[in-house]
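The values are calculated or read from the model by the stated rules, or taken from the named source; none is laboratory data. Nothing here was measured: the structure is a model prediction, and the numbers come from that model. Here the Cβ positions follow ideal geometry from the backbone for every residue, glycine too, while neighbour counts run over all protein chains shown.
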Amino acid sequence: TVIGVLASGRGSNLQAIIDAIEAGRLAVTVGVVISDNPEANVLKRLAGSDIPAVCIDRRQFACRQDFEAAVAEELNVRHVELVVLAGFMRILGRYFIDRFAGKIMNIHPSLLPAFPGENAQLQALQYGVKVSGCTVHFVDEGMDTGPIILQEAVPVMEDDTEETLSERILHAEHILYPRALALYCEGRLCMDGRRVYIKKE
Ligand code: GRF
């Protein structure tokens with residue numbers, strides 16, 4: 001399976017995916033990494049690698065649909081079969097979602113449907129939950145509302161700060177995302193409405 005990764009920032013989830021591929025745990029090819037942000041660390045991370053890294057700067061487009069058309073075109077040129085959002089900080093519109101229907105995944109740093117949107121770890125701390133975690137889900141038009149593929153829980157400790165909780169969740173993310181991608185590539189994810197089932201091997 002050829003995946004295309006969309007990322008806006010640090011790129012640690014992309015790195016975890018690359019590490020899983022190199023370790024032989026994940027049989028995908030990263031066809032392209034696209035960032036909407038020219039300053040993104042994720043682009044610097046790829047300097048010297050053979051993975052194509054492309055910046056498509058949202059500010060150069062008059063409207064969201066033009067931007068998304070450019071992203072979709074790049075993904076098509078690279079023969080991408082699954083779009084992987086990894087810290088991509090933009091909501092995708094209907095136009096894009098329809099073009100890749102059922103073929104877009106995202107990872108979110110909370111146990112959805114709790115704490116969607118930005119600063120999920122801080123939201124969890126402020127709410128006072130004792131358990132949080134991360135969620136890999138298919139993307140629909142809502143904000144972090146699509147069908148859930150995998151979740152992993154992590155404890156919230158009494159002395160946690162936003163940083164320490166985020167770090168604990170991020171560690172779980174780095175294990176969960178490659179696992180979800182592997183299940184997808186092995187054809188083991190089946191959908192029944194909102195429910196995603198994992199077929200036995
Ligand atoms: C992760 O916490 C992910 O859950 C969220 O954005 C962050 C991206 O981190 N969607 P990175 O760029 O993969 O390091």
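Summary table
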{"quantity": "Breaking point among (1) modelled with pLDDT under 95; (2) under 22 Å from Glu118 (Cβ atoms), for Arg45", "calculated": "(2)"}
{"quantity": "Failed condition for Leu181, given (1) at pLDDT 95 or above; (2) surrounded by fewer than 12 Cβ atoms within 10 Å (Cβ to Cβ); (3) not charged (D, E, K, R)", "calculated": "(2)"}
{"quantity": "Evaluation of Tyr197 against (1) of a type outside the set (Gly, Ala, Ser); (2) surrounded by fewer than 20 Cβ atoms within 10 Å (Cβ to Cβ); (3) not in a strand (DSSP E or B) (one fails), failing number", "calculated": "(3)"}
{"quantity": "So Glu158, is it at pLDDT below 95, more than 12 Å from the ligand (Cβ to nearest atom) and either out of contact with any strand residue (DSSP E or B) (no Cβ under 6 Å at 6 or more places or on another chain) or in a strand (DSSP E or B) (or both)", "calculated": "no"}
{"quantity": "Residue match in region 169-187 (condition: assigned to a loop (DSSP other than H, G, I, E, B) and closer than 26 Å to Ala27 by Cα)", "calculated": "yes"}
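So that you can scan it fast, the table gives a plain yes or no per residue for (1) more than 22 Å from Ile17 (Cβ to Cβ); (2) within 16 Å of the ligand (Cβ to nearest atom); (3) under 19 Å from the mean Cα position of the chain (by Cα):
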position: Ala62; (1), (2), (3): yes, no, no
position: Val80; (1), (2), (3): no, no, yes
position: Gly102; (1), (2), (3): no, no, yes
position: Ser110; (1), (2), (3): no, yes, yes
position: Leu125; (1), (2), (3): yes, yes, no
position: Gly142; (1), (2), (3): yes, yes, yes
position: Gly146; (1), (2), (3): no, yes, yes
position: Ile149; (1), (2), (3): no, yes, yes
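Let's see how each residue does on (1) modelled with pLDDT of 95 or more; (2) in a loop (DSSP other than H, G, I, E, B); (3) surrounded by fewer than 15 Cβ atoms within 10 Å (Cβ to Cβ):
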| site | (1), (2), (3) |
| --- | --- |
| Glu68 | yes, no, no |
| Ala72 | yes, no, no |
| Asn76 | yes, no, yes |
| Gly87 | yes, yes, no |
| Phe96 | yes, no, no |
| Ala101 | no, yes, yes |
| Pro113 | yes, yes, yes |
| Pro116 | yes, yes, no |
| Gln123 | yes, no, no |
